[in-house]
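The values are calculated or read from the model by the stated rules, or taken from the named source; none is laboratory data. Keep in mind the model is a prediction, meaning the values are calculated, not measured. Cβ coordinates were reconstructed from backbone atoms using ideal geometry, including for glycine residues, and neighbour counts include every protein chain displayed.
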Amino acid sequence: MDLPFGTDRKIRLGIWGLGRGLNFIHSARALNIEVVAGCDITPMMRQNFASIAPDAYVTDNEDNFLAQDFDAVLIATFFRDHARHTIKALEAGKHVMCEVTSFFTPAEGVAVVEAVEKSGKVYNLLENYPFSRENLFLRQLWQEGLFGDFMYAEYDYVHECRALSYAWNVNGGVPVEPGWTVHNWRSLLNYHYYNTHSLGPVMAITGTRPVSVTAPPCDVTLDGFLEGVRKGTACPSLIKMDNGGVVRNLMGSTTGDFHTSGRIWGTRASADKMGPLKIRIGGSGFGMQLNVNPEWPEMKELANQAGHGGGDFWELYYFARQILTGQPAPWDIYSAADVTLTGIMAAISCQNNGEPTPIPDFRKPDVRDQFRHDHRVVWPTDVDTQNLFPEGHDTAITGHFSSVMTAFYPCQGMSGLPLVREAFDGIRLYPHLADANGRLQVISAVNKLLRDLPSLQQNVAKAQRIADAYPNTIPGKTIRRLLDHNDAIPRILDADATRATLQNWLASL
Ligand SMILES: NC(=O)c1ccc[n+]([C@@H]2O[C@H](COP(=O)([O-])OP(=O)(O)OC[C@H]3O[C@@H](n4cnc5c(N)ncnc54)[C@H](O)[C@@H]3O)[C@@H](O)[C@H]2O)c1
C-alpha cells in the first residue's frame, strides 16, 4: 500500500494509558506511525498491550517511558491528569495527542497552552466525533456555503455508562479491583466536563467558537450512581457561539442513549442526523428534505476499518500529517481550550443555577492572566475513590462492592436490573409491538430473566450485607437507595411469584 503524505519517514509513538489508548494501534499501522512503547500503572492493561504490540517496550513507570526514544505521545490516562501528563511529555521533547479533555481547571489550561507554545511541538486534542463520516461531510458542505450562517444546533452525547463507576471500560467492563474501590474518575464524573463529543462536532462543522454558556441544573436522578457524589441525570447547556448562533448541548445519563446525534440549522439549509443523514434545502422551513449518502473526504477503506465510526483514524491522520508536512490539524491547543473551558464553565453555571458564564479565549495572553490562578472545580474533591469504607472494614463483605454494582448495572447486554424491567415492561407492551423482532426480544428477555433469577438473588443478598454492615458510608447509601426504591428488587426477592408470572405468560403465547 502507498504510504500517505509522500514520505517514508515514520513517527515513533508511545501510548500513555493503555485502556482507550489501545484503540489506536490498528489505524497507526496504516499511517507511518510505529507504536514502540506503552505505559500503564495497571497490570491488566499492560498485558493487553503486550498481546497487541509484542515488540514494543512496556512499563508502569512514566519516567522510564518518557526516556525512551520516540517522537510523539498519545495520552489516554485518567481524565483529571491530562494537563500534568501533557506538560511532562512536552518537556521530554515529544509531540502530544491528548484524549479528551485537555485540562481540568482554568489554571491548568493556562499552563498547558503556555507549555505548548514554549515547546514548539505539535499538540492535538483527540476529539474524534467531528470525524465521523456524516460530520466530515457536513463540514465540507458548510465550508462550501451550502448551509449559510450557523443559526442553531442540538447535539447529544447521552451515555448511560453507570457500570463504569465500578468497572474498567475494557473487555465488556471488568470490575475494578480491589472490590471495595471505585473507578478513579468515572465514579465522580460531572457530565458537563465531558462535553467534547457533542459540542466538538458543531464547532468543527461550523467553524464557530463558544463565547458563553448557561446550564440549569436537573435534579431528577437515576439510582446506581454513588449516592450524594455523582448524579445520573440529564445535563443540558445552552451555548452562545461567536457568530451569534446557539447550541443546545446535551450530556448525561438517562433512560435513552444518543451518541453524538444531532440536528443543525443554517440560514440556507438544515441537517438532521438523529438517524440516517437528511438535509433540507431551499432555505425555508418546508424546503425539500433529502436522504443523502455521506462520503469520506479520502482514504475511505482505512477510515471504515477504524474505531468510533472512523473518527480515531482521522485523529491520527491529521496528527501525523501535521508532524510530517506542517499542515495544521484541527483541534490545536486553542480549540482544545475552547471546548474544554466550555465544559468547565457549564459546570460552574450549573452550580450557580444556570447563570450565564463567559468562556475565556486563551489565545489572548491578557485573558490567560485572569485565569492563571483559577483552580475552581465543580467535582466532588473530598471523595477518596480508593477508600470509601472506614479503616479496618471487613473485606470479605466490602470486597464484593464493585462486582455487585456491575452485576446490577452491567455495561452491556440484557442482564442485571434492566433485564427485570425489560421482561415486565416488555410484557406490558407486547400486544402493541409493531414487529416480530420486538416480540422476539421480549420473549428472549423473559427466558433470560428466568435463568438469571438465582444469580440476581445472590447479588441482592451480597448487596444487603454491604448496606447492613456499612449503612452510613457512600456505598452503603448507594445500595440502600437502590434496594428500597428500585421496583426490580421485590420481583427478584419474590422469585417464586416472578417465576410463576413469567412462565404463565410464556404459556399463554
Ligand atoms: N474519545 C473517545 O471516544 C474516548 C473514549 C473513551 C475514553 N476516552 C478518554 O480516554 C481517557 C482514558 O479513558 P479509558 O476509557 O481508557 O479509561 P481509564 O481512565 O480507566 O483508563 C486510563 C488508563 O490510564 C492508566 N493510568 C492512569 N494514570 C497513569 C499513569 N500516571 N501512568 C500510567 N498509566 C496510568 C490507568 O491504569 C488506565 O489503564 C479518558 O480521559 C477519557 O476521557 C475517550
Qualifying residue in segment 277-284 (condition: within 25 Å of the chain's Cα centre (by Cα) and within 16 Å of the ligand (Cβ to nearest atom)): no
Condition check for Asp40: more than 6 Å from the ligand (Cβ to nearest atom) and either over 18 Å from Met97 (Cα atoms) or among the charged types (D, E, K, R) (or both): no
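Matching residues to (1) touching a residue at least 60 places away in the same chain (Cβ under 8 Å); (2) within 16 Å of the ligand (Cβ to nearest atom); (3) surrounded by 15 or more Cβ atoms within 10 Å (Cβ to Cβ):
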residue	(1), (2), (3)
Phe286	no, no, no
Asn293	no, no, no
Trp296	yes, no, yes
Trp331	yes, yes, yes
Top-ranked residue of segment 43-52 - restricted to ones that are more than 12 Å from the ligand (Cβ to nearest atom) and touching a strand residue (DSSP E or B) at 6+ places or on another chain (Cβ under 9 Å), ranked as farthest from Lys88 (Cα to Cα): Ile52
Long-range neighbours under 7 Å by Cβ, at least six apart or interchain, first residue of a type in the set (Gly, Ala, Ser) within segment 44-70, second surrounded by 13 or more Cβ atoms within 10 Å (Cβ to Cβ): Ala50/Val58; Ala53/Ile25; Ala53/Val35; Ala53/Gly38; Ala56/Val35; Ala56/Val36; Ala56/Ala37; Ala56/Gly38
Among (1) without any contact (Cβ under 8 Å) to a residue 24 or more places away in the chain; (2) of a type in the set (Val, Ile, Thr); (3) touching a Gly at 6+ places or on another chain (Cβ under 6 Å), the one test that Val367 misses: (3)
Single residue of segment 128-151 satisfying the filter (polar (S, T, N, Q) and assigned to a loop (DSSP other than H, G, I, E, B)) that is farthest from Phe79 (Cα to Cα): Ser132
So Thr385, is it assigned to a loop (DSSP other than H, G, I, E, B) and surrounded by 17 or more Cβ atoms within 10 Å (Cβ to Cβ): yes
Any hit, segment 165-179, residues being in contact with a His (Cβ under 6 Å, 6 or more places away or on another chain), part of a helix (DSSP H, G or I) and assigned by TED's automatic domain parsing to the domain that holds Phe225: yes
Meets criteria (surrounded by fewer than 19 Cβ atoms within 10 Å (Cβ to Cβ), in contact (Cβ under 8 Å) with a residue 12 or more places away in the chain and assigned to a helix (DSSP H, G or I)) for Arg12: no
Wholly within segment 252-356, strands (runs of 3 or more DSSP E) carrying at least 1 residues that are among the basic types (Lys, Arg) and in the same structural domain as Gln140 (by TED's automatic domain parsing): 258-266, 278-280
Hey, His159 surrounded by fewer than 20 Cβ atoms within 10 Å (Cβ to Cβ) and either more than 25 Å from Ala347 (Cα to Cα) or touching a residue at least 24 places away in the same chain (Cβ under 8 Å) (or both) or not: yes
Qualifying positions in segment 404-452 - touching a helix residue (DSSP H, G or I) at 6+ places or on another chain (Cβ under 8 Å) and polar (S, T, N, Q): Thr406, Ser415, Gln441, Asn447
Yes/no for Glu154 being in a strand (DSSP E or B), out of contact with any Phe, Trp or Tyr (no Cβ under 8 Å at 6 or more places or on another chain) and either buried (at least 24 other Cβ atoms within 10 Å of the Cβ) or on the phi < 0 side of the Ramachandran plot (or both): yes
Single residue of Thr206, Thr196 found to be among the β-branched types (Val, Ile, Thr) and within 12 Å of the ligand (Cβ to nearest atom): Thr196
Residues of segment 35-47 satisfying the condition of being surrounded by fewer than 19 Cβ atoms within 10 Å (Cβ to Cβ) and under 10 Å from Leu18 (Cβ atoms): Ile41, Thr42, Met44, Arg46, Gln47
Residue that is nearest to the ligand (Cβ to nearest atom) [pool: residues in segment 169-182 that are crowded, with 22+ Cβ neighbours inside 10 Å and closer than 21 Å to Gly232 by Cβ]: Val176
So Glu154, is it more than 13 Å from the ligand (Cβ to nearest atom) and at pLDDT 95 or above: yes
Residue, surrounded by the most Cβ atoms within 10 Å (Cβ to Cβ), within segment 186-222, restricted to residues that are assigned to a loop (DSSP other than H, G, I, E, B) and of a type in the set (A, V, I, L, M, F, W, C): Ala215
